[in-house]
Amino acid sequence: MTDQRPTARTDGAAALSEVDKFLADIGKPATTGPTRRGRLIFGLDATMSRQPTWDMACELQAEMFREVATAGGLDMQLVYYRGLGECRASRWISEPQQLAKTMSQIMCEAGHTQIEKVLTHAQKETKLLKVSALVFVGDAMEESPDSLAHQAGELGRLGVPAFMFQEGRDREVEHVFRNIAELTHGAYCRFDSGSAKQLGQLLKAVAVFAVGGVAALQASKDAGALKLLSQLR
């Protein structure tokens, strides 16, 4: 996979526009209502170019758990791909320490993207027990856009919104990620190495959404949730 590590963005207005649109899109899905526990699939590209972001994700996943602790709780499943056709899924995990331990034992390896496998896995899981949302973080796409669109459409029909986070500025990747988000009634957002804090806020927003939709955000007293609500109106 081509290493497309991003450089820090200097266009603050453009970055803000991306985030505003993403936060507004979170309020669109109507397929996920209030639940006692959210079920979130956390998909990650673990090919070689992803090691810095993998390390960042290890820290951010704990924040996602903590954010929804009072809103009903979160069960999260890690799905990742790397190497020559390796795509694995963890068991469903309800404790951030357990997921952090699992992630810390995984090393990124060179290989091609396997986004289609992540989408089909999410379909299978939600047929067993409803999945609230799929989060995917990646920087590349080396598959058939048509095949990905087909699988995204199937996931959308099952009512699972995909929140697609793109690292970097590859235009083809952006087009495909946006299409997946649209077909699943999810949302798209770009981030870079200088916006880890921003990405963490957005991931926590999706986690809260997975537990109880917009109502869960409204019930939260957290300053970050209030900020999100101002974007959702």
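Observations, loosely collected:
- Only one of the numbered conditions (1) at pLDDT below 85; (2) under 27 Å from K124 (Cβ atoms) is violated by D192, and that is (2).
- Residue check, H175 modelled with pLDDT under 95 and of a type outside the set (S, T, Y): no
- Among the residues of region 122-131, the ones that are open to solvent by 40 Å² or more (accessible area, probe 1.4 Å) and either of a type in the set (V, I, T) or assigned to a loop (DSSP other than H, G, I, E, B) (or both) come to 2 in all.
- Filter result for A100 (under 19 Å from V135 (Cα atoms) and within 16 Å of the chain's Cα centre (by Cα)): no
- Matching option when the condition is buried (at least 21 other Cβ atoms within 10 Å of the Cβ), in contact (Cβ under 8 Å) with a residue 60 or more places away in the chain and part of a helix (DSSP H, G or I), among L155, L134, L148, L119: L119
- Output for region 162-175, where each listed residue is open to solvent by less than 10 Å² (accessible area, probe 1.4 Å) and closer than 20 Å to S147 by Cβ: A162, M164, Q166, V173
- Number of the exception - E143 against (1) in a helix (DSSP H, G or I); (2) out of contact with any strand residue (DSSP E or B) (no Cβ under 6 Å at 6 or more places or on another chain): (1)
- Top-ranked residue of region 54-97 - restricted to ones that are hydroxyl-bearing (S, T, Y) and modelled with pLDDT of 80 or more, ranked as nearest to S132 (Cα to Cα): S94
- Which numbered condition N179 misses (of (1) buried (at least 20 other Cβ atoms within 10 Å of the Cβ); (2) in contact with a helix residue (DSSP H, G or I) (Cβ under 7 Å, 6 or more places away or on another chain); (3) over 26 Å from L74 (Cβ atoms)): (1)
The values are calculated or read from the model by the stated rules, or taken from the named source; none is laboratory data. All figures in this text were calculated on a predicted structure; none of them were measured in a lab. Backbone-built Cβ (ideal geometry, glycine too); neighbour counts: all protein chains shown. Surface areas here come from the heavy atoms of the whole protein model, side chains and all, with no ligands, DNA or RNA. Shrake-Rupley method; radii C 1.70, N 1.55, O 1.52, S 1.80 Å.
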